[in-house]
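This report concerns only the one structure given below.
No value in this document is a laboratory result; all are computed from the given coordinates. Computed from a predicted structure; not experimentally measured. Neighbour counts run over all protein chains shown; Cβ positions are idealised from the backbone, glycine included.
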Amino acid sequence: MRYLIQIATVLVGVLIITILLFNTQLLQLDEDIDANEMPQIDTKQEMKEPKMTFDDSVFSLMKKTASEIKEILGEPIRIDLTPYTYKWWIYENDDVYLQIGVLNDRVETIFATGKNVDSSPIKIGESYETLKKQFPLKNKVTYQKGISSYTFILSDDELKTHPLIKLENDLFVQCYIDTFTNKVSSLRIITGDLLTLQRFYEMEYRGVLPEQPELTDEEWREVEKSMEKQIFALTNVYRDIHGVPLVKWDEATSEVAYLHSKDMHEKQYFSHESLDGRGLKERLESKNIHYLAAGENIAALHSDAPAVMEGWLNSEGHRETLLNEQYNYLGVGVHRLYYTQNFLLKHE
């Protein structure tokens with residue numbers, strides 16, 4: 001929802017951001033499951049291992065060139081398109097997960113999480129109370145660029161779940177807080193320009209509002225597939241952090257999830273139940289997917305995969321599904337900014 005007011009030659013405006021989350025679980029006892037009937041599984045866990053041996057904080061990677069990042073971290077396991085002009089360089093191993101945002105050959109944003117990430121001066125895993133002692137957490141954070149000024153307005157809930165800290169005029173960090181443990185779960189380091197472009201918070205501005213690029217359908221599908229992979233990887237990162245067995249990728253279930261996300265976007269509704277009355281059970285049955293138990297997380301209008309994952313982690317019902325140790329398979333489907341996770345318990 002956008003409100004724009006033109007006064008003389010100065011543009012003044014307010015942007016209000018809305019996000020949606022929903023969760024459901026179901027149990028289906030299927031006594032006649034035959035392992036030979038199951039679809040082939042691509043676990044997506046056979047990935048090239050990056051160097052990941054640098055000793056400095058991830059903050060030191062900001063503004064590095066692409067070639068410098070390769071020297072430090074090695075080749076990324078892949079490079080993902082985003083809707084926000086930059087590309088994510090993906091690095092992950094057992095203890096470190098990094099998304100390095102590269103724009104015009106420079107690192108402009110970083111998302112970091114994992115058991116063994118050096119993110120000094122803000123440490124992943126430190127308490128919210130410690131964070132508040134280190135940095136003033138404010139409901140209003142400003143950014144100035146030339147004659148343009150921007151004020152990011154955080155609600156009290158946002159201040160508790162993903163406060164925004166201004167380190168320099170053009171350098172900010174979002175601290176995602178796990179409100180169930182009251183600890184820092186992940187960090188997003190970001191420049192002021194990308195912060196105004198990606199629009200995580202309500203924003204008042206005077207001057208020029210950066211326009212988000214328009215993507216073709218083909219570009220959107222590339223973005224969607226990238227976010228599906230990121231959500232799958234981050235699901236296992238968070239399950240590992242919390243001592244829960246990892247899940248495997250299920251291609252057929254991912255198709256079910258994608259079709260539900262697409263249906264919600266195209267028909268403009270947000271529910272586990274499709275407008276034709278079908279729920280998760282019926283959608284899985286339509287693809288002949290056998291399972292013992294299933295759970296679904298959905299979300300809409302989060303700006304990207306890390307944001308939606310942290311949203312699910314901080315919602316009790318979604319968290320229970322996300323960290324449910326009985327599930328061993330996962331399908332993920334993203335269409336535009338509509339997200340669906342379908343977890344399954346299946347015979348191995």
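Using the structure shown, list the pairs from LYS138/LYS248; LYS133/LYS229; LYS138/LYS183 with a Cα-Cα distance above 30 Å, or answer none. LYS138/LYS248; LYS133/LYS229, as the Cα separations exceed 30 Å there.
As a proxy for reagent exposure, MET227, MET264, MET203 were ordered by neighbouring Cβ count within 10 angstrom, fewest first; the result is MET203, MET264, MET227. Amide H contacts for THR109 (H built 1.01 Å from N in the peptide plane; partners 5 or more residues away or on another chain; cut-off under 5 Å): GLY101. Taking θ as phi - 60° and the Karplus parameters 6.51, -1.76 and 1.60, the scalar couplings of region 74-79 work out to x, 6, x, 5, 6, 10 Hz in sequence order, x denoting glycine and proline.
Structure shown: which of LYS123/LYS346; LYS115/LYS166; LYS64/LYS115 lie over 28 Å apart, alpha-carbon to alpha-carbon? Listed pairs above 28 Å: LYS123/LYS346.
Looking at region 89-177, which trypsin sites (Lys or Arg not before Pro) are in a loop (DSSP not H, G, I, E or B) and have at most 13 other Cβ atoms within 10 Å?
Working: sites: ARG106, LYS115, LYS123, LYS132, LYS133, LYS138, LYS140, LYS145, LYS160, LYS166; in loops: LYS115, LYS123, LYS138.
Listed in order of number, the matching sites are LYS115.
Remark on LEU167: its backbone amide H falls under 5 Å from those of PHE172, VAL173, a criterion applied only to residues 5 or more positions apart or on other chains, H modelled at 1.01 Å from N. Distance from the Cα centroid of region 87-137 to that of region 211-274 is 22 Å (rounded to whole angstrom).
Taking amide H positions as modeled 1.01 Å from N, with prolines and chain starts lacking one, the residues under 5 Å from SER186 and 5 or more places away or on another chain are TYR176. Using C-alpha pairs below 8 Å separated by at least 6 residues, the relative contact order for region 217-345 is 42 percent.
In order along region 219-229, the Karplus-derived 3J(HN,Hα) couplings, from 6.51 cos²θ - 1.76 cosθ + 1.60 at θ = phi - 60°, round to 5, 4, 5, 5, 4, 4, 5, 5, 5, 4, 5 Hz, and Gly and Pro are given as x. Within straight-line reach of LYS160, meaning a Cα separation under 12 Å, sit the following aspartates and glutamates at least 8 residues removed in sequence or on another chain: GLU129, ASP178.
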